[in-house]
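Notes follow the structure.
Where a number appears in this text, it was derived from the coordinates with a stated rule and is not lab data. None of the values given here were measured: they were computed from a predicted structure. Heads up, the Cβs are rebuilt from the backbone with ideal geometry, glycines too, and the neighbour counts pull from every protein chain shown.
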Amino acid sequence: MVFVGMDHGTTGVSFTIIDDEITHFKISREDSSSGKVSAIEELSKKVNFKSIDLMAITYAMGDALNAITPIEKVENRGIIAMGGAGKVTGGGTAVYDEIANSGIPTVVIPGIHKTTPCLDERFKAAYSHLASSEKVSICYNAYLETGFQNMIVSDISSNTVTMLIEDGEIKGAMDACIGAMGIIHGPLDLEMIRDIDEGLKTANECFSHAGAVKIADIDTKVSKAKDEIIKNYLNGDEKAKLAFDTMIMTIVMEIYGLAGIAENKIDGIVLTGSTGSMKEPINVFGAIKKQVEDIAPVIRLGERSGSLGSAQIAKATFDGEKNILGIPIIY
C-alpha cells in the first residue's frame, strides 16, 4: 500500500510518500512556477505511479470546499479566488495542474472557513476564513502523533495559524491576517488599513509584510527572509531580536486566547512549522513552551507535518474513514 501527501506551503511544495518507509522531498515554488522542475517527474523518481493507492493534496485556502473531495470533482482548484492569499508565484498552481492531469487517484483537502461543518458557530459568525488546507493535514498529523482529543495546534512559519481541536474535531482557528505574526505575514493594523485606504499599498502587500520582517526591516525573497533575520539576530541586531520577541509574544497571546474559550480541558499544545519547531540557532520552541506550559504539556512536531498529515489523510480515506477531525470525506 502506497500513499502520498502534498503540502502547498508558502516557500515550496512538499511531498511525503508512505510506503515500506517514509520518504520526503520538497520543490521550491520558483522552480515549479518557472518550469525548471516538474513535480510529477520528481515524484516518479521516488515511486511507481501505478503503485499509488491514493494521494491527498492541499492547495491555497481551500475555501470553496467543505469536504475532502476527489480531484476530478473539484472546480477552480477548490478556491473562491486567489486575491488576498499572500505571495503568489504560480508554483503551487503548476503542481496542482500536473497532479490533476497525471491520472493518479487524488483527493483535495479543504481549508477551514465559515461553511466548515464542524466549526463552533461563533467562529463561523466571526470569521469568513480561518485556515488554509494544509492546516487540516497538520492537525491530523498532530492528532495521530499525540492521541490528544483536546488540543491547540500552532503552525509557525511564514505565517502563524493556531487551531483549536475539541473532542477530536476542529472547532476554531485564528488565521494569519487577524492573529499572531509569522516570519512574513501578520495581522493588518490601523496604519496598514490607512495605507490601503489611501491607495499607497494593496491589502495583500500589507499582509505580506506584516510579520517579523516588518519589525526586522527585512525586504527580500520569502524563501530567504527567515535566514536573513536569524543572521541579523546572531550578529546582535536589536531590530531582529525585537522581531522574534514580538512574534513570540503574539503567538503566546493567541494560544492563551484559544485556551481561554475552550470548553474542555486542553490535553496538550502542539507547536510545528519551520519556525515553531526551531530550537537552533534560536530556540523559538523553547521560548513559547516556557510561556504556555502552564496550560498543558507542549509537544514539538517537525516541519514536515503538513505533507505527512496529507499522506495520513490519504491512507485514512482509502481505509474507509468517513471524516477527518470533523471534516467529511467524499470518496
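The set of residues from the range 269-298 being surrounded by 18 or more Cβ atoms within 10 Å (Cβ to Cβ) and closer than 20 Å to Gln149 by Cβ comprises Ile269, Val270, Leu271, Thr272, Val292, Ile295, Ala296, Val298. Within this structure, Ala176 passes the test of being buried (at least 24 other Cβ atoms within 10 Å of the Cβ), assigned to a loop (DSSP other than H, G, I, E, B), among the aliphatic types (A, V, I, L, M) and touching a strand residue (DSSP E or B) at 6+ places or on another chain (Cβ under 7 Å). In the set (1) assigned to a helix (DSSP H, G or I); (2) under 20 Å from Asn141 (Cα atoms), Gly302 fails one condition alone, (1). Consider the range 15-58 and keep the residues that are surrounded by fewer than 23 Cβ atoms within 10 Å (Cβ to Cβ) and among the polar types (S, T, N, Q). The one that is farthest from Asn101 (Cα to Cα) is Thr23.
This table checks each residue for (1) under 21 Å from Glu263 (Cβ atoms); (2) out of contact with any Cys (no Cβ under 6 Å at 6 or more places or on another chain); (3) charged (D, E, K, R).
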{"residue": "Pro110", "(1), (2), (3)": "no, yes, no"}
{"residue": "Arg122", "(1), (2), (3)": "yes, yes, yes"}
{"residue": "Tyr127", "(1), (2), (3)": "yes, yes, no"}
{"residue": "Leu130", "(1), (2), (3)": "yes, yes, no"}
{"residue": "Asn150", "(1), (2), (3)": "yes, yes, no"}
{"residue": "Asp155", "(1), (2), (3)": "no, yes, yes"}
{"residue": "Gly168", "(1), (2), (3)": "yes, yes, no"}
